[in-house]
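Taking it in order: structure first as structure tokens, then the write-up.
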Amino acid sequence: MRMPFIAGNWKMNTTHVEAESLVAGMLGGLEEISGVEKVLCPPFVSLPVLNRIVRGSSVKLGAQNMYFEEKGAYTGEISPRMLAELCEFVILGHSERRWYFGETDEVVSKKVRSALEYGLKPILCVGERLEENDAGRTKEVVDRQLRSALKDIDPCPSLVIAYEPVWAIGTGKAAGGEQAAATIRFVRSSVAELWNRDIAQDLRILYGGSVTGNNIAEFIRQSEIDGALVGGASLKAEEFLSIVSQTAAIKGS
Ligand code: PEP
């Protein structure tokens, strides 16, 4: 039985004051929902304040990125050692990092290894671009990203994978539930080949890409999909609460 998982990726939104009021507007509601792991991923600068606010609650925190070195002359970067004091999860390989900031499969792989070394739980993002989808190359792309990110890494049940087709992120054009489930089934089979079947069965694999309160049910009803990585809709307290509570209701029934 895999614990459903909903993470909100706030991206580059909210000042630390806005972040404080956003979390204040959802914390009580999130606390009332059980049976779902709830993770908020604010910008780095808001992690300390949110860490104080959510401490002692069932809400967990994640970072949106990190560098793979522990410390040193890497101006502007944030290390896993810094994050480990503030949060439990870290999103790695998000398509906005891959495509806007040139993160290669190799860099993502180093980050996954480094996060695990510091006790952080990676939310590893994989997903194909529109032209790759149109060319029928989804499985090939996702498989390459997975194999590269997980090579030489021991089987690790705390890893979370998010399948996020790039063409669905922030576009309002979500994948279909069955389409997402089929790719996620493939992701699970790739992990089974890379690691083993038992770990693959236990791993949480999420869908991400234009998830809202109106379409979350379509994804969560698929037994293969264990939750969602939510971008834009996680910035609206009511909508995020609706996503989490629908997930609890559907997966709990
Ligand atoms: C994301 O940022 O991972 C994401 C899926 O964004 P959105 O929900 O806005 O498409």
Exercise. Given Arg185, Arg197, which one is in contact (Cβ under 8 Å) with a residue 12 or more places away in the chain and surrounded by fewer than 23 Cβ atoms within 10 Å (Cβ to Cβ)?
Worked result: Arg185
Exercise. Got a number for residues in the stretch 183-205 being within 16 Å of the ligand (Cβ to nearest atom) and basic (Lys, Arg)?
Worked result: 1
Seminar exercise, completed: Restricted to the stretch 150-182 and to residues being over 16 Å from the mean Cα position of the chain (by Cα), within 16 Å of the ligand (Cβ to nearest atom) and of a type outside the set (A, V, I, L, M, F, W, C), the residue surrounded by the fewest Cβ atoms within 10 Å (Cβ to Cβ) is Gly172
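When residues of the stretch 214-240 are filtered for being within 17 Å of Leu40 (Cβ to Cβ) and open to solvent by less than 30 Å² (accessible area, probe 1.4 Å), how many remain?
If we filter the stretch 214-240 for residues that are within 17 Å of Leu40 (Cβ to Cβ), which is where we start, we get 216, 227-240.
Filter once more, so that each one left must be open to solvent by less than 30 Å² (accessible area, probe 1.4 Å): 216, 227-231, 233-234, 237, 240.
Qualifying residue count, the stretch 214-240: 10.
Just one of Glu178, Glu164, Glu238, Glu218 is closer than 19 Å to Ser109 by Cα, modelled with pLDDT of 95 or more and of a type in the set (Asp, Glu); which is it? Break it down stepwise before answering.
On the way: Glu178 fails: closer than 19 Å to Ser109 by Cα; Glu238 fails: closer than 19 Å to Ser109 by Cα; Glu218 fails: closer than 19 Å to Ser109 by Cα.
Residue meeting the stated conditions: Glu164.
Mind checking which residues of the stretch 69-82 are assigned to a loop (DSSP other than H, G, I, E, B) and of a type outside the set (A, V, I, L, M, F, W, C)?
Of the residues in the stretch 69-82, the ones assigned to a loop (DSSP other than H, G, I, E, B) are 69-79.
Correct list: Glu69, Glu70, Lys71, Gly72, Tyr74, Thr75, Gly76, Glu77, Ser79.
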Exercise. Hey, does the stretch 118-140 have a residue that's out of contact with any helix residue (DSSP H, G or I) (no Cβ under 8 Å at 6 or more places or on another chain) and surrounded by 17 or more Cβ atoms within 10 Å (Cβ to Cβ)?
Worked result: yes
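Looking at Ile243, is it farther than 17 Å from Gly62 by Cα, assigned to a loop (DSSP other than H, G, I, E, B) and within 17 Å of the chain's Cα centre (by Cα)? Working first, answer last.
Numbers: farther than 17 Å from Gly62 by Cα: yes; assigned to a loop (DSSP other than H, G, I, E, B): no; within 17 Å of the chain's Cα centre (by Cα): yes.
No, not satisfied.
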Seminar exercise, completed: Taking the stretch 1-60 and the residues there that are within 21 Å of Val160 (Cα to Cα) and basic (Lys, Arg), the one that is surrounded by the most Cβ atoms within 10 Å (Cβ to Cβ) would be Lys38
Problem set entry | Residue in the stretch 203-210 that is open to solvent by less than 40 Å² (accessible area, probe 1.4 Å), out of contact with any helix residue (DSSP H, G or I) (no Cβ under 9 Å at 6 or more places or on another chain) and closer than 30 Å to Lys151 by Cα present | yes
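The values are calculated or read from the model by the stated rules, or taken from the named source; none is laboratory data. None of these values were measured; they are calculated from a predicted model. Counting neighbours? That spans all protein chains shown, and the Cβs are built from the backbone with ideal geometry, glycine included. The accessibility values were calculated without ligands, DNA or RNA, using every heavy atom of the protein model including side chains. Shrake-Rupley method; radii C 1.70, N 1.55, O 1.52, S 1.80 Å.
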